[in-house]
1. Any residue that is in contact with a Leu (Cβ under 6 Å, 6 or more places away or on another chain), among the charged types (D, E, K, R), in contact (Cβ under 8 Å) with a residue 40 or more places away in the chain and assigned to a helix (DSSP H, G or I) - is there at least one of those in region 73-88?
2. Is at least one residue of region 123-142 part of a loop (DSSP other than H, G, I, E, B) and in contact with a Pro (Cβ under 8 Å, 6 or more places away or on another chain)?
3. Report, by residue number, each residue of region 81-95 that is over 12 Å from Ser158 (Cβ atoms) and either open to solvent by less than 20 Å² (accessible area, probe 1.4 Å) or under 13 Å from the mean Cα position of the chain (by Cα) (or both).
4. Just wondering, is there one or more residues in region 140-147 that are under 20 Å from Ala36 (Cα atoms), β-branched (Val, Ile, Thr) and touching a residue at least 12 places away in the same chain (Cβ under 8 Å)?
5. Among the residues of region 172-193, which ones are touching a Pro at 6+ places or on another chain (Cβ under 7 Å) and among the small types (Gly, Ala, Ser)?
6. The conditions are (1) under 23 Å from Ala36 (Cβ atoms); (2) assigned to a helix (DSSP H, G or I); (3) open to solvent by 20 Å² or more (accessible area, probe 1.4 Å), and Pro107 fails exactly one of them. Which is it?
7. Just to check your reading of the model, which residue among Arg58, Arg15 is within 25 Å of Met144 (Cα to Cα), charged (D, E, K, R) and free of Cβ contacts under 8 Å to residues at least 60 places away in the same chain?
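The values are calculated or read from the model by the stated rules, or taken from the named source; none is laboratory data. Since we're looking at a predicted model, the values are computed, not measured. Note that each Cβ is placed from the backbone with ideal geometry, even for glycine, and that neighbours are counted across all protein chains shown. Surface accessibility is based on the protein's heavy atoms, side chains included, excluding ligands, DNA and RNA. Shrake-Rupley method; radii C 1.70, N 1.55, O 1.52, S 1.80 Å.
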Amino acid sequence: MIEDTTLSETEVYRRLPALNLIRSESIREATAELSADAPDYFWTVPASTSGFHHPACRKERGLWAHTLMVSTAVERLVDSYEQRFDIEPDHARAAAILHDQRKNGDPAAPSDKSASDHDLLMADVVRQKMPLPKTIADAVSEHMGAWYDGPEPSSPLSELVHNADMMASTANATLAIPGPIPEELEHLELSEADV
């Protein structure tokens, strides 16, 4: 059994500089609190063991890097979605940070590969543990689209998070990540995003 530890507020903000993109203090704090309890594996495992994702995200700590790439993709798309559909940008930002925090399943007995219901598992965590808007949990549960066990995007917000995840999962697309880049990710040779 793997023992997970809760990160300090300072540490979670250091690891996830994308939190600073969330303008709403209550959403930012709730997202940080949930992220402080992310399973230990979230910070160490590759984003993919099957050859998908950017090559840097197939390495150690790749899931963490992928999450930051999704945050960058959301920033690139969010203005268009906000203007066209009147979505709440901070809901997309929070969902991007939270979407894969149960990627390898149950923290007590993690799989060595992606859990097919990881989207639903994390959405349940969001719904049960935090007073975040329902739209954030919905976007987390729908981020996989037609893949895995979860539902397809049913709203523009969910579609935005799904599209950002697909962009960041593309093997030949390199997205910079919000900085400052945590020292543990420097070996991945990613650039700092101008967000």
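1. No, every residue in region 73-88 fails to be in contact with a Leu (Cβ under 6 Å, 6 or more places away or on another chain), among the charged types (D, E, K, R), in contact (Cβ under 8 Å) with a residue 40 or more places away in the chain and assigned to a helix (DSSP H, G or I).
2. yes
3. Those that are over 12 Å from Ser158 (Cβ atoms) and either open to solvent by less than 20 Å² (accessible area, probe 1.4 Å) or under 13 Å from the mean Cα position of the chain (by Cα) (or both): Pro89, Asp90, Arg93, Ala94.
4. Taking every residue of region 140-147 in turn, at least one turns out to be under 20 Å from Ala36 (Cα atoms), β-branched (Val, Ile, Thr) and touching a residue at least 12 places away in the same chain (Cβ under 8 Å).
5. Selection gives Gly179, Ala193.
6. Condition (2) is where Pro107 drops out.
7. It is Arg58.
Residue-by-condition table, conditions (1) surrounded by 17 or more Cβ atoms within 10 Å (Cβ to Cβ); (2) closer than 22 Å to Ser191 by Cβ:
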site: Thr6; (1), (2): no, no
site: Glu9; (1), (2): no, no
site: Leu21; (1), (2): yes, yes
site: Ala38; (1), (2): yes, no
site: Pro55; (1), (2): no, yes
site: Gly62; (1), (2): yes, yes
site: His66; (1), (2): yes, yes
site: Arg76; (1), (2): no, yes
site: Lys113; (1), (2): no, no
